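Chemist: Below is the structure I would like to discuss, written out as structure tokens.
The values are calculated or read from the model by the stated rules, or taken from the named source; none is laboratory data. Every value quoted in this text rests on a predicted model; they were computed, and no experiment measured them. Here the Cβ positions follow ideal geometry from the backbone for every residue, glycine too, while neighbour counts run over all protein chains shown. The protein model used for the area step is the full one, side chains on, heavy atoms only, and it has no ligands, DNA or RNA in it. Shrake-Rupley method; radii C 1.70, N 1.55, O 1.52, S 1.80 Å.
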Amino acid sequence: MDRSLRKKTGVLATAAVLTFAAACSQTSGGGAEAPSGAAAPETSAPKEETKEAVKPNLKALHHWMKDDYNVYPVAKVIEEETGYKVQYDMLPQDKAEDKLNLIMASGEAYDYIYTHGGSSWKALYSDYAKRGALVDLGPLIEEHGPNIKAAVTPSSWDMMTVDGKIYGIPFPSVNFVGTSLAIRQDWLDQLGLPMPTTTEEFKNVLRAFKEKDPGGNGDQNIPMTINGAAPMVTNLVGAFGIANGWNPKDGKLVPQPMDPGFPAYLTYMNELFEEGLLEKEFAVNKDATMREKFSNGRAGVITLHWADVPAVLDALEKNEPNAKFAFVPPLKGPDGQAALSSNGGGLDRISFIPKSAKNIEETIKFFNAKLEPETFKRIAIGDEGTHYTFENGAYSPILPAFNDERNQANNYLTGVDENNYATYWQARVRKDPRLFAAWESINPKLDDALKAPDLLSSAPYLSEFATNNQTLAALVSEFAVKVIVGSETLEGLEAFQQKFNASGGEATYNEINAWYATK
């Protein structure tokens, strides 16, 4: 999050605290004064000793999705299974964080709020918690959340901890490798070349693509191209020991520019560029441009996420019906290092309860009911025989029912059964055989020793990192591009490192490693 947005967040969140404080002093429904953090019972529906109390309707604010939360089939299933009817509102697709700040400042009485879990959203969550705008969920979970406690792992709670307290329910990401180098397998076959296994073999493959032009592109031939905004190329960075932005070295997490592998990597990439093996115009490429050059048959190698494989292959096969693609395995560098970055199982979504909520205790009971194991499974992937089949330990979707009625189920998961969700989740990947084959090749079929988890993805909110990371990443990309294209040399590395540290790198390093020392 940049500094201007951080400042704006702080002002609005401060306003939220004042609003919440006033609201809590005037109403009995907010729960601020209850010792357990629970809301006072509503007087309009007195309990009868012999009957279950009527469950209140809940009001929720979720992040944007393309379907209407209130009519999507999962909403009905949740109501059937838990007995709670929920009115779902959603944030806009654009400027969602700004809108949430305004809602929090207004004190609008949402029973819970469900957001994405990326770094900027984690920053908002932490700011709200620090400023007293959220309910401490710890005592409530102890009293009313046995399923929550059973479902969530200690490492996930660590990501939600702010000043020693829990203010949100985590939805951790499924841990997987996302991106690698995609190569035209049919070009390799045509030239009689094996799949490369080292950076030197990879360079020789690119030379063969350039000199022998297996795609028949003439002067439009491109051995390899990348996204100009991402010059730290997945797979190749792993060959130089810098698979992630921050990597473990001698008990510390070290940023790429301070790692000895950084200049070695840039030297290698500059050699590819100078030989014409890396596209001369790569610096102006966007992701879409890069994929287009691959799918129209001009480029032999690009970076690609497995989730994009079906769309890219559909476009490629229209132009090249006999085209074949494969992911390049982790390449070994000069020192024998090799790795693909994995997401490390960070936060996918966050659920939290604002102090303005009217049904605090009931909301925790609702979260808990959704995490009853069979209820959670039905919400997440549906009913066996209708939405999925289960054979040989694998869940496979039944189409089109799964797509029609569970494709958006993850947008309702206010917490997940962490012991089983990664297995259930694979039903989503099996919707397309090509998608599953791509995912499988760089995940279950890949040796775990070749996966380098992004350790910072599982960190709690770190203020210096959140404030500086975007700026620091942009500095690294800018310097890397300049060295790769030859407009800057590695003689300027020391000056760049000083600039990196002065731009927040040193403060971020100290903060990250103070946290890392506790792990």
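Chemist: Considering only residues that are open to solvent by less than 40 Å² (accessible area, probe 1.4 Å), over 14 Å from THR363 (Cα atoms) and in a helix (DSSP H, G or I), which ones fall in segment 144-156?
Modeler: Correct list: ALA151, SER156.
Chemist: Output the residue which, of all residues in segment 478-519 that are open to solvent by 70 Å² or more (accessible area, probe 1.4 Å) and small (Gly, Ala, Ser), is farthest from ASN247 (Cα to Cα).
Modeler: SER487
Chemist: Going by the conditions given, is ILE141 touching a helix residue (DSSP H, G or I) at 6+ places or on another chain (Cβ under 9 Å), buried (at least 22 other Cβ atoms within 10 Å of the Cβ) and among the β-branched types (Val, Ile, Thr)?
Modeler: No, not satisfied.
Chemist: Next up: When you look at TYR114, is it part of a loop (DSSP other than H, G, I, E, B), in contact with a Leu (Cβ under 8 Å, 6 or more places away or on another chain) and within 23 Å of PRO56 (Cβ to Cβ), yes or no?
Modeler: No, not satisfied.
Chemist: Related question: When both residues are 6+ apart or on different chains and their Cβ atoms are under 7 Å apart, which pairs have a first residue that lies in segment 354-370 and is at negative phi, and a second that is assigned to a loop (DSSP other than H, G, I, E, B) and charged (D, E, K, R)?
Modeler: Once the first residue is at negative phi and sits in segment 354-370, its partners that are assigned to a loop (DSSP other than H, G, I, E, B) and charged (D, E, K, R) give SER356/GLU108; ALA357/ASP111; LYS358/ASP111; ASN359/ASP111; GLU362/LYS55; THR363/ASP111.
Chemist: Can you confirm whether segment 374-381 contains a residue that is open to solvent by 20 Å² or more (accessible area, probe 1.4 Å), of a type in the set (Gly, Ala, Ser) and modelled with pLDDT of 95 or more?
Modeler: No, segment 374-381 contains no residue that is open to solvent by 20 Å² or more (accessible area, probe 1.4 Å), of a type in the set (Gly, Ala, Ser) and modelled with pLDDT of 95 or more.
Chemist: May I ask you to list the residues in segment 272-296 that are open to solvent by less than 10 Å² (accessible area, probe 1.4 Å) and among the acidic types (Asp, Glu)?
Modeler: Within segment 272-296, no residue meets the criteria.
Chemist: Which of the helices (runs of 4 or more DSSP H) found entirely inside segment 373-450 contain at least 3 residues meeting this: more than 30 Å from LYS149 (Cα to Cα), in contact with a helix residue (DSSP H, G or I) (Cβ under 7 Å, 6 or more places away or on another chain) and without any contact (Cβ under 8 Å) to a residue 40 or more places away in the chain?
Modeler: none
Chemist: Among what's in segment 483-519 and is assigned to a helix (DSSP H, G or I) and acidic (Asp, Glu), pick the residue that is farthest from LEU455 (Cα to Cα).
Modeler: Top of the filtered list is GLU491.
Chemist: Tell me, which residue of segment 206-236 that is over 16 Å from LYS293 (Cα atoms), free of Cβ contacts under 8 Å to residues at least 40 places away in the same chain and not acidic (Asp, Glu) is least open to solvent (accessible area, probe 1.4 Å)?
Modeler: ALA208
Chemist: Check GLN470 against each of (1) out of contact with any strand residue (DSSP E or B) (no Cβ under 7 Å at 6 or more places or on another chain); (2) open to solvent by less than 20 Å² (accessible area, probe 1.4 Å) and name the one condition it does not meet.
Modeler: Failed condition: (2).
Chemist: For LEU475, state whether it is outside any loop (DSSP other than H, G, I, E, B), open to solvent by less than 50 Å² (accessible area, probe 1.4 Å) and over 21 Å from PRO248 (Cβ atoms).
Modeler: yes
Chemist: Separate question: Being over 23 Å from ASN410 (Cα atoms) and either in a loop (DSSP other than H, G, I, E, B) or charged (D, E, K, R) (or both), is that true of even one residue in segment 165-174?
Modeler: Yes, because at least one residue in segment 165-174 is over 23 Å from ASN410 (Cα atoms) and either in a loop (DSSP other than H, G, I, E, B) or charged (D, E, K, R) (or both).
Chemist: Return the pair list, or none, for Cβ contacts closer than 7 Å from residues in segment 306-332 that are of a type in the set (Val, Ile, Thr) to residues that are surrounded by 20 or more Cβ atoms within 10 Å (Cβ to Cβ) and not in a helix (DSSP H, G or I), at least 6 apart or on different chains.
Modeler: From residues that are of a type in the set (Val, Ile, Thr), the pairs are VAL312/LEU304; VAL328/SER180; VAL328/LEU181; VAL328/ILE183; VAL328/PRO196; VAL328/ASN235.
Chemist: Residues in segment 167-184: is at least one at pLDDT 95 or above, among the β-branched types (Val, Ile, Thr) and closer than 30 Å to ARG131 by Cβ?
Modeler: Looking through segment 167-184, at least one residue is at pLDDT 95 or above, among the β-branched types (Val, Ile, Thr) and closer than 30 Å to ARG131 by Cβ.
Chemist: Same structure again: Between ALA339, ALA307, ALA323, ALA299, which is closer than 30 Å to GLY415 by Cβ and aliphatic (A, V, I, L, M)?
Modeler: On inspection, the qualifying residue turns out to be ALA307.
Chemist: Which of the following residues is under 27 Å from MET195 (Cβ atoms) and out of contact with any helix residue (DSSP H, G or I) (no Cβ under 9 Å at 6 or more places or on another chain): THR267, THR289?
Modeler: Of THR267, THR289, the one residue that is under 27 Å from MET195 (Cβ atoms) and out of contact with any helix residue (DSSP H, G or I) (no Cβ under 9 Å at 6 or more places or on another chain) is THR289.
Chemist: Right, something else. Look at segment 51-84 and say how many of its residues are assigned to a loop (DSSP other than H, G, I, E, B), under 28 Å from ALA129 (Cβ atoms) and not hydrophobic (A, V, I, L, M, F, W, C).
Modeler: Going through segment 51-84 one residue at a time, the tally reaches 6.
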